[in-house]
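A short reminder: the numbers here are calculations on the coordinates, not readings from a lab. Given the structure is predicted, the values throughout are model-derived calculations rather than measurements. All Cβ positions, glycine included, derive from the backbone under ideal geometry; neighbour counts span all protein chains shown.
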Amino acid sequence: MKNIKKITAMFLAVLTIFGSACVPCAYADNLKCTPTDYEESTVASISVVSRITNITGHVWLYIENKSAQELKLGHYFLPAGEGVSVSLLSFSCSDGWGIYYNVESYCNNTFSNRGAYSLTEDLDAKEFEKISSYIEGYSNHWDPVFNCMFFAFTAWNKVSSKKLIPLVLPIFGQIQMMLYGAESNSLDMYYPSADRVYRQRGFGSLGHLEQVSSKSIDSDIG
């Protein structure tokens with residue numbers, strides 16, 4: 001009888017270990033496994049995008065959720081399978097200077113903009129968190145030096161080995177991107193509805209999103 005109990009206990013122990021190893025990675029956060037396949041697998045992708053329409057041009061980020069669950073990016077909740085553009089804008093938006101979500105995604109699709117160059121890399125969970133924390137804590141400050149390219153390139157450099165230097169004018173940034181193999185019109189951005197275009201107010205724990213006015217999305221930004 002004792003032997004049967006021992007064999008049964010051993011069988012249950014093996015079954016428990018085996019079963020835990022086979023739990024899908026999507027539930028890794030709940031299990032608190034360290035390290036996990038989930039942390040090392042791709043949960044999103046990040047693209048740095050440049051479009052030159054005049055002497056200044058514009059640079060922004062585009063993040064796509066490749067996981068099966070909603071992800072929090074900065075102050076924006078990104079549904080599974082969708083993407084969002086994030087940028088630092090100034091005079092081009094009627095709602096003022098600061099970080100915007102989905103302006104480029106909306107305008108690019110609405111006005112059929114072409115000619116943007118992009119570089120793209122996959123993100124694991126830790127890398128995604130780096131980007132999210134950076135965006136959430138950014139001060140919303142803009143000036144000719146700490147501009148859209150500085151914002152986007154600094155984020156990109158946190159997770160990519162293809163380092164980009166923000167040399168004030170976006171044209172110099174696009175040249176660097178092309179040297180790394182950036183291609184034109186290779187990125188298709190998700191088309192959000194107009195009521196999902198936001199400006200970030202404040203930052204950190206005090207940050208929140210406000211829907212932009214129609215005047216901020218009536219041009220061909222991005």
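Viscosity 0.890 mPa s, temperature 25 °C: Stokes-Einstein D of the stretch 141-219 from its Kirkwood Cα radius, in µm² per second? Intermediate results must be reported in sequence, preceding the final value.
Details: Rh = 15.2 Å.
Value of D from the Cα-based Kirkwood radius: 162 µm²/s.
Ranked by the mean number of other Cβ atoms within 10 Å per residue, highest first, peptides 79-89, 146-156 order as 146-156, 79-89.
Determine the shape class of the stretch 104-175: with a ≥ b ≥ c the square roots of the Cα gyration tensor eigenvalues, call it rounded for a/c under 1.5, and otherwise prolate if a/b is greater than b/c, oblate otherwise. Rounded, because the longest to shortest axis ratio a/c is under 1.5. Between the alpha-carbon centres of the stretch 135-185 and the stretch 55-88 there is a gap of 15 Å. Overall, the stretch 42-217 carries a charge dipole of about 300 debye about its Cα centre when +1 sits on the Cβ of Lys and Arg and -1 on the Cβ of Asp and Glu, all other atoms neutral. The label-point distance for S161 and T120, in a model that sets each label 7 Å from Cα toward Cβ, rounds to 2.1 nm.
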